[in-house]
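Everything on this sheet refers to the single structure shown next.
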Amino acid sequence: MVGDRPRLVLPPGVGNVLCPIGGETAGPAVGEYVFRGCRLRLGAAGDVLFPTDVGVSLLAALNGEAAVPIVGAQVLDVGCGSGLYTVALLLAGAARVTALDVNPACTAAAIDNAARNGLDPGVVEAITGDLAALAGPPRWDLVVCNPPHFPSDPAYASADGLETALVGGVDGRALYDVLLARLDDLLRPGGTLLLAHSSLTDVARTEARLTAAGYAVRTLQVCELDIPLRRYAAARDVLLARLYQLRAAGSAAFTGLRFEVHTLAATRPVEGQE
Amino acid sequence: MIKGSADVTVAGSGLLGLATAFELAQRGMAVAVVGPRTGPHGGQASRAAGAMLTVFSEVESTHPPDRVRVEVGERLAARAGYEQWLAAITAASGRSLALVPGVWVVANAVGADDAAELAAIRAAAIEHGDPAETADPGEVIGLAPQHRAHQALWLPTEASVDATALTAALAAAVYGHPRCTWTDALVTGVRESGEQLVVAADDGTAITCAHVVLAAGAAIPVVLGDGELAEQVGAPPLWSGRGTSLLVRAPFTVPVAIRTPNRGFACGSHLVPRPDGRLYLGGTNRLSTQPDYGRSAGLDEIATLVHDGGAELNTRLREAELLDVRVGHRPVTTDHLPLLGRTGHPMVHLATGTYRCGVLLAPRAAQIVADGITTPGRHDRHPYSPRRPMPAPALAELLAGSTHGLVEMLCQPGGQLPAGGAERLEAFLNAALAELATGRTGPAAAVQRMWRRAPMAETVPLLLDAAARVS
C-alpha cells in the first residue's frame, strides 16, 4: 500500500519551507502556518527550538485528513517545544491540551504562544517534567509527539534545551521507546497517537510494536526533506557517521542529507473490539 | 527510497576517484561519480601511468629520513593490500587483473649519483625488512642501453600492473555497482545550499549530496573557485607534473619492469611490460602551474622519451612500432606529499596529490578518504591530511638543491661536460639564480612571482622557458 500514502517532497537545501520565519524583525523569530483554515503564529527563542519542517509536516498531514477527530478532543502534546501542536490543535477545536516538556523554557513558550494566538489560557495545562513520570489514568483522546531523533555522541553533546529537543539517546529512539511503553497509561481506548516519525529512528520497529499491542496503525503521509542539521553543522560529519552505523544495522533510512518523516496515526483498540 | 541524492559525490574519475568511490560503495554509501567515463580522458594521470608499484624505488638519496619513513610506510601499507584490492575489483567487474612481480632499478653513468641512489633505495628496503638484491646488469633481461649500466638492484616485492586494464576494470566495477551512479561529464563547480553540497557538471547535471570528495587533480582549485567554500576548505596549492608516455611494440622482450632511479626532476626512464608483448615507455615530468589538459604530447617530449630510453634502457627502442601516446597530469603539492581526507570543511574531502605514486597508493588513499567519512577524526593527524601545515621552503634552500638537478637534466642522457664543468656550471647557476631571487629588475620580479606561485624544486626548469621569453 506504499503507493497510496500521500507523499510530500520538500526542496533540498532550504529550511523552514512549511513554516517560514516572518513578521516582526525585533524579538523572537516568529513562524507562520495555516492549519485547517486557521493562521497560527509561533515565536521561539533561546532554549526553545523554532518549529522545523519535521514537526510541521505532521500538521500538513492532518490538514488533508478528516478521519482524525480533533474537535472537542483532550490532547497530550509530548515534548511540546514552542507549542506548535498545542496551538494548532486548540485553534482547530481541541477542548484542552496538556503541554508536556522537560524543558521549562518550552512549557513557558507554549503558554506564550497560546496567548499570542488569542487562546484562553485555561485550555492549556502546562507540565514541566518527564513523560516517564506522568501519572495516569488514561484520559487523553489524542497524544501527539515529534520526538527527538538524532543519536547522541560526545562530539556534539551539549546540555541545553535544543539538545533535549533533537537528540534521543544512542540510537535516537529514547523518547519513542518511553512513549510506546507508556501509551496504554495515556490514551483512552479508541484514542489515537499522532507521531511525526523520523526515518532515522526505525519506523518499522515502531509500527511492529504498535501493531503487536493491538493498535490500528495508518501512515497518513510521508514527507521527504533535508535532515535538519543546521545546529550541528560543524559536527555533521560525526553525526552522519553515527547515522551510517544505524543505517547499516537497518534502523535508519536516508540518502545524503535526505530523509523521511512518516506521520503515523495509531488508534488504541476499544475493549472487546480487538 | 530517495532518488536524486547521494551520500558522497566523487568529483574525478581517475584511479584515485574511482578507488574512493568503490571503497565507499563497499561500505554501504550511495556514491555519485562525476567525471569522464567515455572518450579520451585527456590529461588523466591514471591513463598515462607506468603503474609500477614502487614502494622503495621512488626513494631519493637527498630525501630527508622523516619523509622517506612516512612515504615508504604508506606505500608499504598500500602494497600489502594490493592483491586483495585487485581481487575485489575482479570479483565486482568480472575482469581478471594480475601483477607482474618485481622491478629492476639500474644505475649508469648518466646519473652522476646513481650508485648513491641505488644505495638509498636498497637501504629503505632493508630497513623495512623487504628484500633488495644487488645484481650484475647482465642479468636484466631486455636491458641493452647505449650507456653501460654499472649496477642493478632487484626489488622482488615491487611490481607492475597494466594501468589501462586496471582503470577499465575499476570503472566497470563502479559503473555496475548498485549503489553508484556515474555522470559522464566534467565537474565544473561545488557550492553549498543550506547544509547540502551541490556538485555541478558541464552537462548541466547538479548532484545534491552530504559529502564531496575532490579527486580531479590539478583541476581542483578551478572547481573550488575562490568563494567562501574554497576559503573554508583551505586546500593547499596544487600543481601538476605533466608526463608523456608511449606504448610501443619493440623487437625485444622485457618480462619485468626496468627503471633508472629518479633524476633531474623526472622519474628516470622506465620500460614496463604490458599484455600481448607491448611495452610501456615513460616518462617525462614537467611542472605545470596552469595545466592544459587538452594539449597533446609535444614532439620534444616524445623525442626525449625515445632518446632517454635508447640511451639508458635499450638502443633497439628506435626500431619499435609506436602504438599510442599518452599525456597525464600528476597532481603534486609543495611538500610532494598527497592530500587525503577531510579539509577545513567537515564535508569536503581531498583525494589527490599522489604525484608519481597514484597507482600504488590508490587503495590506501581510498581507505583514508573513506575513513574520513565513516569514522571522522581517525586520520586528522595523518601526514597526508590536507589540514597539515605546509610552509613554503626557503628560496635559498630550494635553489641550492635544484641547480645540480638542472645541470643533470640539461646534460642527460649521456651529455658530457669537461671534467669539473658540471660543478662550475652549478656554482654559476646558483649565483645567477640567487641574483634573480633578490634582484629588482623586471626579469627578477618575474622569476620571484613564479617562485611565490610554486615554491618547489620542479619550478627551476620552468625558468629556462622563462629565460627564452624574457630575452
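Remarks
- Å³ per residue enclosed by the Cα convex hull of the stretch B:23-177: 154 Å³
- Panel note: the C-alpha atoms of chain B, placed on their principal axes, show extents of 73, 57, 41 Å (largest first).
- Cα pair distances exceeding 22 angstrom across the stretch B:334-471, given as percent: 53 percent
- Residue-count net charge about B:V110 - beta-carbon cut-off 15 Å; Lys, Arg +1, Asp, Glu -1: -3
- Among the residues of A:243-256, the average count of other protein chain beta-carbon atoms within 10 Å of the residue beta-carbon is 4.
- Projected over every direction and averaged, the convex hull enclosing the alpha-carbon atoms of the stretch B:395-470 yields 5.0 nm².
- The DSSP beta bridges internal to the stretch A:2-267 are antiparallel in roughly 55% of cases.
- The mean sequence distance of close C-alpha pairs (under 8 Å, at least 6 residues apart), as a share of the length of chain B, puts its relative contact order at 20 percent.
- Centroid-to-centroid separation of the stretch B:309-372 and the stretch B:272-300 [C-alpha atoms, Å]: 12 Å
- Interchain or long-range residues, amide H under 5 Å from B:G28's placed H: none
- Relative contact order for the stretch A:190-274, counting Cα pairs under 8 Å that sit 6 or more residues apart, in percent: 57 percent
- Where Rh is the Kirkwood radius over Cα pairs, Rg/Rh for the protein assembly as shown: 1.12
- For the stretch A:209-274 and the stretch A:129-147, distance of Cα centres in Å: 20 Å
- Max-minus-min Cα coordinates of the stretch A:2-267 on each principal axis give 49, 46, 37 Å, with the largest extent listed first.
- Semi-axes of the equivalent ellipsoid for the stretch A:136-274, Cα gyration tensor, largest first, Å: 29, 16, 12
- Charge tally in the Cβ shell below 11 Å around B:P156, where Lys, Arg are +1 and Asp, Glu are -1, B:P156 excluded: -3
- Charge tally for A:Y176 (other residues, Cβ to Cβ under 14 Å; Lys, Arg +1; Asp, Glu -1): 0.
- The helix-only estimate of mean residue ellipticity at 222 nm for chain B, built from DSSP H runs of length n ≥ 4 each weighted as -39500 (n - 2.57), is -11500 deg cm²/dmol after division by the residue total.
Just so you know, all these numbers are worked out from the coordinates, no wet-lab data involved. Predicted, not measured: the structure shown is a model, and the values here were computed from it. Cβ: placed from backbone, ideal geometry, glycine included. Neighbour counts: every protein chain shown.
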